[in-house]
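K.L.:
Before anything else, here's the structure in question.
Please treat every number below as a calculation from the coordinates, not as lab data. From a predicted model like this one, the values you see are computed outputs, not experimental measurements. FYI the Cβ positions are ideal-geometry reconstructions off the backbone, even for glycines, and counts take in every protein chain you see.
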Amino acid sequence: MSTHARMLDHVGQAVGWTPLVALDRLAAGLPARVAAKLEYFSPGASIKDRPALTVLERAEQDGLLKKGQFVVEKTSGNMGAGLAWACAVKGYKFVAVLSAGNTPERSQMIRAFGAKVVKVKQAKGGKPGLVTREDLELVEVEVQRLVKRLKAFRPDQFGNPASALAHEIGTGPEIWAQTAGKVTHFCSFVGSSGTMIGTSRALKNYSSKVKCFAVEPAQTPFLARRTIRSTQHIIQGGGYAVRPGIYDDAVVDGYLTVTDLEATRTARALASKEGIMGGFSGGANVAAALKLARDAAKGSLIVTVICDSGLKYLSTGLYAE
């Protein structure tokens, strides 16, 4: 029975089976069809709700997380929001550590769920809304300090296999079912890489013919092993020129890059033409999917994800009046 057809025992049961929507207006005239999975339908309004819940549940099963223990995590905001509501439901004390460069809506959400937010000052030359690798390194120092002081459990979304497993058992199988096995391509922006690796792993288990592409900022094609101009870009949550511990080259068929302008314009077009209001990463994903659609064989079906809600970016210029 669908979760929508019954009363749920707790909000965690609402995670998963997000809608998959065809983007026939944006992809009109292209040889391939493009579809996007709307992950902002989850409780914390992002795709990170999946790994947040899975990581906690696996830690409980393995005895790594015990009643009354603190949970501390490095986040750009989405994983923090996911862990915040999940910890609220499960009864853990949660501390999210993020760069001061992340949008304020993210901190507000995390606090609303009853968690504590620790903001770390950006590195020299840092700009609000543009979180760099150097900023993330400063956040990491604070996370390690708090984990030690609080004797906390650290989910470690960049290195915990459960972060990818959440998508291998959830996102991937859902896409396969929702497309009736017709998906031919998948692409996703790489942050912790859980979405990209877990979903690709699942889809390739169904069919080795599915081609999977990692999406990176145009100025930071680190995983593609190309020249890095800067880690300063508008797509929060990734593109830090860091290889996540859970990253797996074996399920990646190629790489795509997206500029800040492409991500912004596509996100705005998604809202105005498709009625789908996502963030910068959603814009980047769809921009990349449209690039694939232009060169794909006729009848192909490219699937991507809208990682979070555009409501988390109202303080930025993404949807400026």
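K.L.:
Of I175, S208, Q232, which is farthest on the positive side of the dipole of segment 155-239, counting Cα position, with +1 on Lys and Arg Cβ, -1 on Asp and Glu Cβ, and the Cα centre as origin?
P.N.:
Sorting the options by dipole projection puts first S208.
K.L.:
Could you name the aspartates and glutamates whose alpha carbon sits less than 17 Å from that of K182, not counting residues in the same chain fewer than 8 places away?
P.N.:
Of all the aspartates and glutamates, those that pass the test against K182 - Cα under 17 Å, at least 8 places apart if same chain - are D24, E174.
K.L.:
Okay, next question. Please give the residues of segment 23-64, grouped as numeric ranges, whose backbone N is less than 14 Å from a label point set 7 Å along the Cα-to-Cβ vector of S272.
P.N.:
From segment 23-64, the list is 26.
K.L.:
Given the DSSP H assignment, sum -39500 (n - 2.57) over each helix run of at least 4 residues in the chain and divide by its residue total; what's the result at 222 nm in deg cm²/dmol, nearest 500?
P.N.:
-10000 deg cm²/dmol
K.L.:
Separate question: What list of ³J(HN,Hα) couplings, whole Hz, do you get for segment 241-253 from phi and the Karplus terms 6.51, -1.76, 1.60, once you set θ to phi - 60° and write x for glycine and proline?
P.N.:
Those phi angles translate into 6, 10, 8, x, x, 8, 5, 9, 4, 4, 10, 10, 8 Hz.
K.L.:
Further, regarding this structure: Treating cross-link reach as a plain straight distance, find the aspartates and glutamates whose alpha-carbon is under 18 Å from the alpha-carbon of K121, omitting any fewer than eight places away in the same chain.
P.N.:
E73, E105, E134, D135, E137, E140, E142
K.L.:
Sticking with this structure for a sec: If you add up the charges near G237, with Lys and Arg at +1 and Asp and Glu at -1, over every other residue whose beta carbon is less than 11 angstrom from its beta carbon, what do you get?
P.N.:
Overall, the nearby charge balance is +2.
K.L.:
Can you compute the charge dipole magnitude of the chain about its Cα centre, using +1 on each Lys and Arg Cβ and -1 on each Asp and Glu Cβ, nothing else charged? Give it in debye, rounded to the nearest 20.
P.N.:
With Lys and Arg at +1 and Asp and Glu at -1, about 360 debye.
K.L.:
Tally Lys/Arg at +1 and Asp/Glu at -1 over every other residue whose Cβ is under 13 Å from the Cβ of G126; what's the total?
P.N.:
Local net charge: +2.
K.L.:
If you don't mind, another one. I want to check a number: in segment 196-321, how many lysine pairs have alpha carbons closer than 30 Å, given a sequence separation of 8 or more or different chains?
P.N.:
Lysine pairs, 8 or more places apart or on different chains, close enough: 11.
K.L.:
Residues of segment 101-127 with backbone nitrogen within less than 13 Å of a virtual label 7 Å along the Cα-to-Cβ line of V11, please, listed as ranges.
P.N.:
109-115
K.L.:
Pick from I246, I169, I110 the residue whose mean-square fluctuation is largest in a GNM of the chain, springs joining Cα atoms under 10 Å.
P.N.:
I169
K.L.:
Using only Cα atoms, what Kirkwood radius does segment 49-150 have, in angstroms?
P.N.:
Answer for segment 49-150: a Kirkwood hydrodynamic radius of 13.8 Å.
K.L.:
Across segment 17-31, in residue order, what do the Karplus-derived ³J(HN,Hα) couplings come to in whole Hz, using 6.51 cos²θ - 1.76 cosθ + 1.60 with θ = phi - 60° and x for Gly and Pro?
P.N.:
Karplus-based 3J(HN,Hα) across segment 17-31 equals 6, 6, x, 10, 10, 6, 9, 6, 6, 5, 9, 4, x, 8, x Hz.
K.L.:
Moving to a separate point now. Mind checking which of A22, N160, V258 is farthest towards the positive end of the chain's charge dipole, using Cβ charges of +1 (Lys, Arg) and -1 (Asp, Glu) about the Cα centre?
P.N.:
Most positive-ward Cα: N160.
K.L.:
Rounded to the nearest 0.05, what FRET efficiency is calculated for S208 and R229 with R0 set to 41 Å and r the Cβ-Cβ distance?
P.N.:
0.75
K.L.:
With +1 on each Lys and Arg Cβ and -1 on each Asp and Glu Cβ, and nothing else charged, work out how big the dipole of segment 49-150 is about its Cα centre, in Debye to the nearest 20.
P.N.:
Result for segment 49-150 is approximately 340 debye, rounded to the nearest 20.
K.L.:
Something else about it: Taking R0 as 51 Å, what's the FRET efficiency between D62 and A28 from their Cβ-Cβ distance, rounded to 0.05?
P.N.:
0.55
K.L.:
Can you list the residues, at least 5 places off or on another chain, whose amide H is less than 5 Å from the amide H of L65, using H built in the peptide plane?
P.N.:
Amide H neighbours of L65: E60.
K.L.:
Separate question: So what's the Cα pair-distance distribution over the chain, bin width 20 Å, in %?
P.N.:
Bin by bin from 0 Å, the calculated values are 35, 59, 6.
K.L.:
While we're on this one: Can you compute the charge dipole magnitude of segment 159-261 about its Cα centre, using +1 on each Lys and Arg Cβ and -1 on each Asp and Glu Cβ, nothing else charged? Give it in debye, rounded to the nearest 20.
P.N.:
So the magnitude is around 240 debye.
K.L.:
Around A218, which amide H atoms from residues at least 5 apart in sequence, or from another chain, sit under 5 Å from its own amide H, with H modelled in the peptide plane?
P.N.:
V258, T259, D260
K.L.:
Pairs to check: K37/K93; K48/K127; K127/K151; K93/K119. Give those whose C-alpha atoms are more than 27 Å from each other in this structure.
P.N.:
Exceeds cut-off: K37/K93; K127/K151.
K.L.:
Also, I was wondering about something else. Sort out for me the Cα centre separation of segment 1-63 from segment 182-261, rounded to whole Å.
P.N.:
19 Å
K.L.:
Can you find, among G191, M277, G114, the residue farthest towards the positive end of the dipole of the chain? Put +1 on the C-beta of Lys and Arg, -1 on that of Asp and Glu.
P.N.:
Result: G114.
K.L.:
Taking the Cα atoms of segment 162-221, what is the range of coordinates along each of the three principal axes, in descending order and whole Å?
P.N.:
Principal extents (Cα only, largest first): 36, 24, 17 Å.
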